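The values are calculated or read from the model by the stated rules, or taken from the named source; none is laboratory data. Not measured: the values here are computed from a predicted model. All Cβ positions, even for glycine, are placed from backbone atoms using ideal geometry, and neighbour counts span all protein chains on display. Ligands, DNA and RNA are stripped out before the accessible areas are found, and what is left, the full protein with its side chains, is counted by its heavy atoms. Shrake-Rupley method; radii C 1.70, N 1.55, O 1.52, S 1.80 Å.
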Amino acid sequence: MTMLLHDTICTKPLVHELSHIRQHVSQFLHKAGIDDAFNYELCLAIDEACANIMLHGNIDADTLINISLEYHDDYCRVIIEDNGASFNPMDIPPTNMDEYFINKQYGGLGIEIIRRIIDEMKYEHSQQQYPWNTLSLVKYFHSSRH
């Protein structure tokens with residue numbers, strides 16, 4: 001598939017940067033002609049993934065988050081990279097929502113939200129001298145979920 005539009009963002013993993021990330025992603029998707037509902041869902045998934053890095057990652061002054069946005073003919077791909085501690089979101093089991101609400105839990109739904117929005121999710125951790133975590137998210141325009 002042909003990539004029609006591409007953009008990147010690089011930021012420090014600071015919670016106050018989440019609004020900047022959302023704004024940048026939303027502008028990119030509007031420029032690509034993406035409708036508001038798709039835009040909102042993809043921004044939410046990216047926000048949750050970045051918030052997890054910022055709030056739960058073992059980060060230091062040298063930690064960065066790189067976000068690559070790709071608009072293709074029938075899907076968007078987002079690649080989120082960070083050089084914090086390794087964490088594979090694929091290792092987290094799906095949330096039983098019935099139990100979640102019965103137990104009146106609060107928070108902890110970020111990965112579940114991403115799973116419900118995104119069509120394909122893949123995680124890799126490089127074992128190089130300077131290791132990076134890479135989370136690839138793909139959302140199709142004509143998903144059966146929409």
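Given a Förster radius of 22 Å and the C-beta distance between Gln128 and His56 as r, what FRET efficiency does 1/(1 + (r/R0)^6) yield to the nearest 0.05?
0.45
Aspartates and glutamates within cross-link reach of Lys122: Cα-Cα under 13 Å, excluding same-chain residues under 8 positions apart?
Cross-link targets: Glu81, Asp91.
Once Rg and Dmax of the Cα atoms in Å is worked out from the coordinates, which option in (i) 16.3, 58; (ii) 16.9, 50; (iii) 15.4, 47 does it equal?
Correct label, based on the coordinates given: (iii).
Can you give the helix-only mean residue ellipticity at 222 nm for the chain, where every DSSP H stretch with n ≥ 4 adds -39500 (n - 2.57) and the sum goes over all residues, rounded to the nearest 500 deg cm²/dmol?
After summing the helix terms and dividing by the residues of the chain, the value is -10500 deg cm²/dmol.
With every protein chain left in place, what is the accessible area per residue of the chain in square angstrom, probe 1.4 Å?
So the chain comes to 59 Å² accessible per residue, rounded to a whole number.
Tabulate in residue order the Karplus-calculated ³J(HN,Hα) for the range 77-90, using 6.51 cos²θ - 1.76 cosθ + 1.60 with θ = phi - 60°, rounded to whole Hz; enter x for Gly and Pro.
3J(HN,Hα) across the range 77-90, in whole Hz: 10, 10, 10, 10, 10, 8, 10, x, 5, 5, 8, 9, x, 5.
With a 1.4 Å probe and all protein chains left in place, how much of the accessible area of the chain comes from carbon and sulfur atoms, in whole percent?
Ligands and nucleic acids excluded, carbon and sulfur reach 52 percent.
Between Asp47, Asp36, Asp62, where does the largest GNM mean-square fluctuation fall for the chain, given springs only between Cα atoms within less than 10 Å?
Maximum among the listed residues: Asp62.
For the chain, which span is the longest to avoid every loop-located (per DSSP) member of trypsin sites (Lys or Arg not before Pro) having at most 11 other Cβ atoms inside 10 Å?
Looking at the chain, 1-103 is the longest stretch - no exposed trypsin sites (Lys or Arg not before Pro) with at most 11 other Cβ atoms within 10 Å.
Net charge around Ser68, counting only other residues with Cβ within less than 13 Å of its Cβ (Lys, Arg = +1; Asp, Glu = -1)?
Once positives and negatives cancel, what remains is -3.
Between the range 40-68 and the range 101-132, how far is it from one alpha carbon centroid to the other, in angstrom?
The range 40-68 and the range 101-132 have Cα centres separated by 10 Å.
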